[in-house]
Every structure is written in structure tokens, then in C-alpha cells.
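Notes follow the structure.
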Amino acid sequence: MAVSLTFYGGVGEIGGNKILLEVDNTRIFLDFGTSFSREDEYFEFPLLRPSCIEDLFKTGILPRLCGLYKNAGLSVNYSSDGTPSVCGEEETCGIDGVLLSHAHVDHYGYLGMLRPDIPIYLSPISRKIIELKNDIREDWQTRVNLDALVPVEKAREFEIENLKVTRYDVDHSVLGASAFIIKADDKTLAYTGDMRFHGNAVADSEEFLSACKSTGIDILLCEGTRLGPPSEDEKEVESHALASESAVEQQCLEIFSNEEGLIIYDASPADMNRMRSVSRVAKDCGRTLIFDSKKAYLLLYMNHPEILYPGLPVLGEFKVALSRLKLYASRYSKYGLPQDLYAESYTDYRQAHEAGLLVSQRGKQKDNPDLICLPDDIFIWGPLREEILREPRRYLLYTSSGAHTLLHFLPSDGRPVLGAYVYGKAEPFKEEMELSFRRLLKWIELCGLKLEYAHTSGHMYPRDIERLVLEIDPKVIVPIHTEHPSLFCNWSGGVHIPRFEETLEL
Ligand SMILES: [Zn+2]
């Protein structure tokens with residue numbers, strides 16, 4: 001049976017995984033993520049952005065594969081009087097499915113361009129996160145058709161044509177992360193996605209490792225994010241990294257209980273596990289939690305209508321910080337982001353709230369029974385910020401856009417904010433570190449805040465990668481999601497270093 005792997009991303013770079021697995025006539029993709037490093041070569045946020053799929057083809061960022069993309073083969077033509085007509089012939093579907101490891105943009109960010117009839121297999125929690133992110137983020141590359149998402153329970157085998165696939169939960173810095181074991185007749189593959197052995201769900205990662213050992217793996221596609229030295233930008237943050245998620249909680253307890261001023265905690269946007277830990281500690285220290293509107297939205301709807309991840313703060317346990325007034329906000333409202341709806345409605349706050357606009361994008365459907373109605377006193381806006389600044393030690397502000405938050409909270413009379421700014425981001429992929437760290441430091445200084453660190457990485461330490469490789473002992477190792485693939489050769493003689501757009505016959 002002919003097995004081959006072709007790499008359209010995730011090789012020689014961190015993130016951007018798009019790996020085509022072909023077994024005879026069955027073709028599936030392992031993830032279909034945004035490649036920030038490749039996009040950065042040609043594009044720059046926000047002024048020079050790709051605006052259609054052709055832009056990504058032209059620059060070689062996406063492969064022109066037949067039967068993969070929606071509307072492929074069709075085009076719109078205009079007659080001389082301007083009447084549009086659709087011409088061409090739609091391609092037939094050429095891909096049997098996508099296995100999605102988790103809901104980080106570097107793994108799912110290009111799903112919005114795929115044909116809606118290609119099923120995307122993922123964990124139930126990943127499906128929920130993608131659904132919620134669809135609501136708060138307008139992005140043609142990422143906005144996936146929800147009907148294509150097929151949630152699969154963990155450790156239960158399912159079939160894609162002649163492949164037998166099992167999904168395992170693994171520990172990572174976003175909830176719902178998966179690894180997969182794929183049986184293709186005489187060969188068995190394992191795909192780690194992104195994972196670690198030092199978070200709150202270590203048992204899940206161990207279960208995947210045991211399954212690999214008992215199944216016997218021929219080909220292991222293994223992430224190696226943390227191999228090699230950190231880049232210049234990462235060094236400062238790396239030097240403060242803690243060993244585990246529980247050490248983060250300990251560190252937070254120490255900082256929060258000794259701080260007399262405001263605490264601002266800056267974390268990756270989708271790390272709800274961290275939201276849970278920080279919230280718990282803040283509560284123990286008697287601090288009122290404040291989330292920005294996007295994170296509040298994730299929190300409110302993650303467990304609504306059904307509980308998917310217990311222990312998150314619930315309605316009544318936190319407040320929501322709204323964007324401050326932007327007179328030009330209406331220009332941005334086409335994006336439909338919750339905070340822009342808030343900002344736009346600022347002057348007519350109560351009326352908009354009654355219309356359901358302030359609740360969420362779903363609020364547009366006034367009679368939606370799924371809508372969570374929020375009491376007025378949950379919102380922190382305009383003059384209410386003053387209340388926080390008067391009694392800063394009573395609050396903890398949780399955000400992932402640090403400089404932006406500081407800009408809003410810094411009083412215009414030149415008073416400092418006073419308190420601690422706790423940096424809790426460790427993920428080395430670009431979007432989560434969009435704001436340059438040096439610029440953030442200037443803002444922290446301007447606000448008179450102390451800088452503290454409380455974070456741990458979402459990825460395996462080199463010693464854990466070594467253990468994984470030695471214990472699974474596959475015939476072939478394919479290093480992915482790393483800038484230092486050759487370091488795998490220290491642990492195995494069967495390392496195949498993949499190259500971009502190259503096909504590995506196995
Ligand atoms: Zn990743």
C-alpha cells in the first residue's frame with residue numbers, strides 16, 4: 001500500500017501545519033493552518049493583507065490543489081453592460097477529510113477557504129471554540145462552515161475511506177487539543193499536533209503516549225517547537241518561564257496577594273485553562289475579575305447551553321470591560337465584533353442593550369432563545385474605569401491585548417495606574433505576540449506598573465520530546481512545527497527531515 005506525505009506548511013517553521021497524507025486513493029490533510037512566517041514574507045498587518053485566495057496562490061503560500069477549495073473552477077464574468085454571470089465548471093471534491101489538532105490559528109486558520117463538503121474531524125471542545133471565534137472574528141480565511149465540523153469522541157476509532165483513525169485528547173495551551181493515530185492497512189502513523197506534559201491535563205498526553213506504544217507506530221509526525229535556542233525576541237520571556245501550569249498558579253497567588261494596586265494579567269486569547277486558574281486565584285485573593293468583551297463572550301458561551309468545561313467563572317462572577325468611546329466606531333461596525341457594537345452604542349447604551357446588541361453578535365437575532373442576557377452592572381465602561389482606578393487593589397483585569405488595554409486605562413491627567421502587569425504569554429507564534437514586546441514595555445513604564453511574569457509554555461520540553469520518541473520508538477520520525485528538526489537525530493536514526501512542498505514516500 002502506497003503511503004505518502006506532502007508538506008504544505010509546518011516544516012522548518014513553527015505553525016502553519018498543512019500536511020497531505022495519501023494512502024492509495026484516500027487523501028486527508030493533517031491541519032490546515034495559517035503560516036505566519038510565510039505570510040510575513042509578502043504581507044504586513046494591517047495595510048498589506050491578502051484579500052482573496054488568489055493572493056495566497058500567487059505568493060505560493062497555498063498550494064493550487066484540485067478539489068480542495070470552495071468555488072474552485074467557477075468565476076464571475078461581466079458583460080459589456082456590467083451584468084455578472086457565473087462561468088466555469090465546479091471541481092469535484094478531491095479530499096476525504098481534515099484531521100484538526102486544535103483551534104489555534106496556526107493549525108485551523110485557513111479552513112475558511114476549503115470546500116464545505118470536506119469533513120473536518122475534531123474534538124467537541126475545538127468545535128465549540130471555533131464556533132465562538134467565528135462569532136467574534138471576521139476573517140474570510142478562517143471563517144469555516146460549521147456544518148463541515150465533525151466532532152469525534154476521544155479514543156473511539158472511526159473510518160475515513162480505508163483509513164482507521166482514533167482521536168486522543170492531549171494537553172496544550174488551548175482546550176480541546178487532539179493527537180491522532182491513523183491506521184493505513186500495513187502502516188500506522190501518529191500525529192502529535194501541539195502538546196505538552198506539564199499542564200493540567202498531563203494524564204491525557206500520557207494516554208496518547210500509551211496508545212502509541214500499545215498500537216506500535218511506524219511513522220511519527222512529532223512537534224518540536226521548543227527545540228533549539230529561543231529567538232532574540234523570546235529570550236526575555238523564556239528566562240522567566242515556569243515549569244508547569246500549577247507553578248503558574250502558585251506564582252499568581254504570590255503576586256496577587258502581595259500587590260496593593262491593580263493586577264493586569266496578559267494571556268493568550270484562547271487559553272481558557274489559564275483563565276480558569278487565574279480566576280480561581282483572583283477570587284481567593286478577594287479581587288473582582290474583569291474580562292475584555294471578547295474573552296467574556298468566550299466564557300459566557302463556552303458552557304452555554306451545555307457544560308463543556310466546568311470550573312470557568314460564570315455570570316455574576318466577573319465584569320466586562322467595554323472599549324472606550326470611539327466616535328468613528330461605526331466605520332468598524334461591519335466587522336460585527338462585540339466590542340465594536342458596544343463602542344458604537346456607547347452614547348445610546350441602554351437602548352442598544354435592550355435591543356440585544358450589547359450581548360453578542362447573536363444578539364442581532366432578538367428572539368434567539370440561546371441568548372444570554374447580561375445585567376447592566378456587569379459592564380465597566382467610560383466613567384466606571386475611574387472606579388477601578390480609585391480602588392485598584394480590588395480588581396484583576398484579564399486581557400490579551402496589553403498595550404491596547406493600558407491605553408484605555410491610563411488616566412488623561414497623567415496619574416499612573418499603579419499595580420502589577422503580569423505577563424502570561426509563552427506561545428511563540430506570531431499572532432499571539434502581535435504587539436512587540438518592547439513597545440509593551442514602554443506602555444507598562446508609562447502606566448507606572450511593575451512587570452511580573454507568570455507563564456509556562458504550551459509545548460513539550462526537549463526532555464519530554466526525547467521520552468516520547470524513545471518510548472514510541474517509531475521506524476520513521478518526521479519532525480514538524482520546529483525550526484530545528486535535525487535535533488531529533490540525537491534520539492533516533494530514522495529521522496526524515498521534510499521540506500516544503502516535498503513528498504515523502506513511505
Ligand atoms: Zn501550533
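The values are calculated or read from the model by the stated rules, or taken from the named source; none is laboratory data. Bear in mind that the values here come from a model prediction, so they are computed numbers and not experimental data. So basically every Cβ, Gly included, is an ideal-geometry build from the backbone, and we count neighbours across all protein chains shown.
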Checklist entry - Which one of the conditions (1) more than 16 Å from the ligand (Cβ to nearest atom); (2) at pLDDT 95 or above; (3) under 29 Å from Gly228 (Cβ atoms); (4) not in a strand (DSSP E or B) does Glu41 fail to meet, given that it meets all the rest? => result (2)
Checklist outcome for this item: Taking region 82-102 and keeping residues within 16 Å of the ligand (Cβ to nearest atom) and either part of a strand (DSSP E or B) or loosely packed, with under 14 Cβ neighbours inside 10 Å (or both) leaves Val98, Leu99
Checklist outcome for this item: Taking region 210-250 and keeping residues among the basic types (Lys, Arg), in a helix (DSSP H, G or I) and either within 16 Å of the ligand (Cβ to nearest atom) or within 19 Å of Met195 (Cβ to Cβ) (or both) leaves Lys213
Next on the checklist: For region 190-209, give me the residue count where each residue is part of a loop (DSSP other than H, G, I, E, B) and more than 13 Å from the ligand (Cβ to nearest atom).
Outcome noted: 5
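For region 142-164, name all the residues that are of a type in the set (Val, Ile, Thr) and either within 19 Å of Tyr110 (Cα to Cα) or part of a strand (DSSP E or B) (or both).
We begin by selecting, within region 142-164, every residue of a type in the set (Val, Ile, Thr); these are 142, 144, 150, 152, 160.
Thr142, Val144, Val150, Ile160 - these are the residues of region 142-164 that are of a type in the set (Val, Ile, Thr) and either within 19 Å of Tyr110 (Cα to Cα) or part of a strand (DSSP E or B) (or both).
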Item to check | In region 95-112, the residues that are aliphatic (A, V, I, L, M) and at pLDDT 95 or above | outcome: Ile95, Val98, Leu99, Leu100, Ala103, Leu111
Next on the checklist: Being in contact with a Gly (Cβ under 9 Å, 6 or more places away or on another chain), farther than 21 Å from Glu206 by Cα and within 16 Å of the ligand (Cβ to nearest atom) is the filter here; which residues of region 431-489 pass it?
Outcome noted: Glu431, Thr482, Glu483, His484, Pro485
Next on the checklist: Scan region 314-328 and tell me whether some residue there is modelled with pLDDT of 85 or more and part of a strand (DSSP E or B).
Outcome noted: yes
Checklist entry - So which helices (runs of 4 or more DSSP H) are wholly in region 391-502 and hold at least 3 residues that are at pLDDT below 95 and crowded, with 20+ Cβ neighbours inside 10 Å? => result 402-409
Checklist entry - Glu90 fails exactly one of the following numbered conditions: (1) farther than 25 Å from Asp171 by Cβ; (2) in contact (Cβ under 8 Å) with a residue 24 or more places away in the chain. What is the number of that condition? => result (2)
Item to check | Any pair with Cβ under 6 angstrom, 6 or more apart, that starts in region 48-67 at a residue that is closer than 17 Å to Ser37 by Cβ and of a type in the set (A, V, I, L, M, F, W, C) and ends at one that is assigned to a loop (DSSP other than H, G, I, E, B) and modelled with pLDDT of 95 or more | outcome: Leu56/Leu62
Next on the checklist: Can you find a residue that is part of a helix (DSSP H, G or I), over 27 Å from Asp106 (Cα atoms) and among the polar types (S, T, N, Q) anywhere in region 286-309?
Outcome noted: no
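With Pro474, Pro485 as the choices, which residue is touching a Pro at 6+ places or on another chain (Cβ under 6 Å) and either in the same structural domain as Phe256 (by TED's automatic domain parsing) or not polar (S, T, N, Q) (or both)? Spell out the reasoning first.
Details: Pro474 fails: touching a Pro at 6+ places or on another chain (Cβ under 6 Å).
Answer to the selection: Pro485.
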Next on the checklist: Taking the criterion of being part of a loop (DSSP other than H, G, I, E, B) and under 27 Å from Ile219 (Cα atoms), would at least one residue in region 123-141 satisfy it?
Outcome noted: yes
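Let's see how each residue does on (1) touching a Pro at 6+ places or on another chain (Cβ under 7 Å); (2) within 16 Å of the ligand (Cβ to nearest atom):
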{"residue": "Lys18", "(1), (2)": "no, yes"}
{"residue": "Glu22", "(1), (2)": "no, no"}
{"residue": "Asp31", "(1), (2)": "no, yes"}
{"residue": "Pro46", "(1), (2)": "no, no"}
{"residue": "Leu56", "(1), (2)": "yes, no"}
{"residue": "Leu62", "(1), (2)": "no, no"}
Checklist outcome for this item: Only unsatisfied item for Ala267, checking (1) over 24 Å from Glu471 (Cα atoms); (2) within 16 Å of the ligand (Cβ to nearest atom); (3) in contact with a Phe, Trp or Tyr (Cβ under 8 Å, 6 or more places away or on another chain); (4) small (Gly, Ala, Ser), is (2)
Checklist entry - If Gly176 satisfies every condition in (1) more than 16 Å from the ligand (Cβ to nearest atom); (2) assigned to a loop (DSSP other than H, G, I, E, B) but one, which is the exception? => result (1)
